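Have a look at the structure below before the remarks.
The values are calculated or read from the model by the stated rules, or taken from the named source; none is laboratory data. The model shown is predicted, which means the values in this text are computed figures rather than measured ones. Ideal geometry is used to build each Cβ from the backbone, glycine not excepted, and the neighbour counts take in all protein chains shown.
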Amino acid sequence: MNEQSKSAGTGPIHSHPDTREGLRAAQLELVSSAHHELRIVAPALDAAAFNGSAMAEALGRFIAGHGRNRARVVVEDTEHMLQTCTRFVELARRFSDLLIVRRLGEPHRGLREMFMVADHDSCLYQPDIALVDATLDLHAPKQAGALGQRFEEIWVSTEPAPGLHHFRL
């Protein structure tokens, strides 16, 4: 069951996806809600979510929404991403200045958590990717701010994602 609570007006929306499908829907909802910035950290991208047409369309709309929109993604298992998330990889290759994918750096290898932050305002946090236990917080800058800071700490130690960019002559 998906537990959800909402404060009056435009207050925070807090929910707990309780199935893999619910988690994928929460990921899509967060990406669809982003207006300017999207930050994602994951040991591996879920191919069922990131190789789907709905996610590709949402990311495409986000990237095309404004010339300053940026998505930064940190993934440990880039080989899995290249093999199973072909739609996502194609977008990253086509819009390499706007959808920036990096590999998790040495200090953070073995990371088990996945989190996504949209616009310093909304976030999705999954403490262990082996479990569905996750929390989606929309319009919750305090929660998003803390995860945004964690993202920046991780980002400084990232490396280029091997195999993502082709050399052109």
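Within segment 56-68, being at pLDDT 95 or above and under 16 Å from Arg39 (Cβ atoms) holds for Ala58, Leu59, Phe62. Across segment 139-161, the qualifying residues are those that are assigned to a loop (DSSP other than H, G, I, E, B) and touching a helix residue (DSSP H, G or I) at 6+ places or on another chain (Cβ under 6 Å), and the one among them that is surrounded by the fewest Cβ atoms within 10 Å (Cβ to Cβ) is Ser157.
Here is a yes/no grid of residues against (1) over 17 Å from His120 (Cα atoms); (2) in contact (Cβ under 8 Å) with a residue 60 or more places away in the chain:
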{"residue": "Arg39", "(1), (2)": "no, yes"}
{"residue": "Ala44", "(1), (2)": "yes, yes"}
{"residue": "Asn51", "(1), (2)": "yes, no"}
{"residue": "Met55", "(1), (2)": "yes, no"}
{"residue": "Ala58", "(1), (2)": "yes, no"}
{"residue": "Arg61", "(1), (2)": "yes, no"}
{"residue": "Ala71", "(1), (2)": "no, no"}
{"residue": "His80", "(1), (2)": "yes, no"}
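If you go through segment 8-23 one residue at a time, do you hit one that is under 21 Å from Cys123 (Cα atoms), modelled with pLDDT of 95 or more, touching a helix residue (DSSP H, G or I) at 6+ places or on another chain (Cβ under 7 Å) and aliphatic (A, V, I, L, M)? Within segment 8-23 (the criterion being under 21 Å from Cys123 (Cα atoms), modelled with pLDDT of 95 or more, touching a helix residue (DSSP H, G or I) at 6+ places or on another chain (Cβ under 7 Å) and aliphatic (A, V, I, L, M)), the answer is no, since none of the residues qualifies.
With respect to being outside any strand (DSSP E or B), acidic (Asp, Glu), within 23 Å of Ile129 (Cα to Cα) and at pLDDT below 95, Glu79 fits the description.
Counting the residues of segment 122-137 that are in contact with a Pro (Cβ under 7 Å, 6 or more places away or on another chain) and at pLDDT below 95 gives 3.
Here's the yes/no breakdown for (1) in a helix (DSSP H, G or I); (2) within 10 Å of the chain's Cα centre (by Cα); (3) closer than 17 Å to Arg103 by Cα:
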{"site": "His35", "(1), (2), (3)": "no, no, no"}
{"site": "Val41", "(1), (2), (3)": "no, yes, yes"}
{"site": "Leu45", "(1), (2), (3)": "no, yes, yes"}
{"site": "Ala48", "(1), (2), (3)": "yes, no, no"}
{"site": "Ala56", "(1), (2), (3)": "yes, no, no"}
{"site": "Gly67", "(1), (2), (3)": "no, no, no"}
{"site": "Ala71", "(1), (2), (3)": "no, yes, yes"}
{"site": "Val74", "(1), (2), (3)": "no, yes, yes"}
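Would you tally the residues in segment 79-110 being under 14 Å from the mean Cα position of the chain (by Cα) and β-branched (Val, Ile, Thr)? So the count comes out to 3.
Cβ separations smaller than 6 Å between residues 6+ apart or across chains give the following pairs from segment 114-134 residues that are free of Cβ contacts under 8 Å to residues at least 40 places away in the same chain to residues that are in a strand (DSSP E or B) and of a type in the set (Phe, Trp, Tyr): Tyr125/Phe115. Go through (1) assigned to a strand (DSSP E or B); (2) surrounded by fewer than 20 Cβ atoms within 10 Å (Cβ to Cβ) one by one and return the number of the condition Asp97 breaks. Answer for Asp97: the failing condition is (1).
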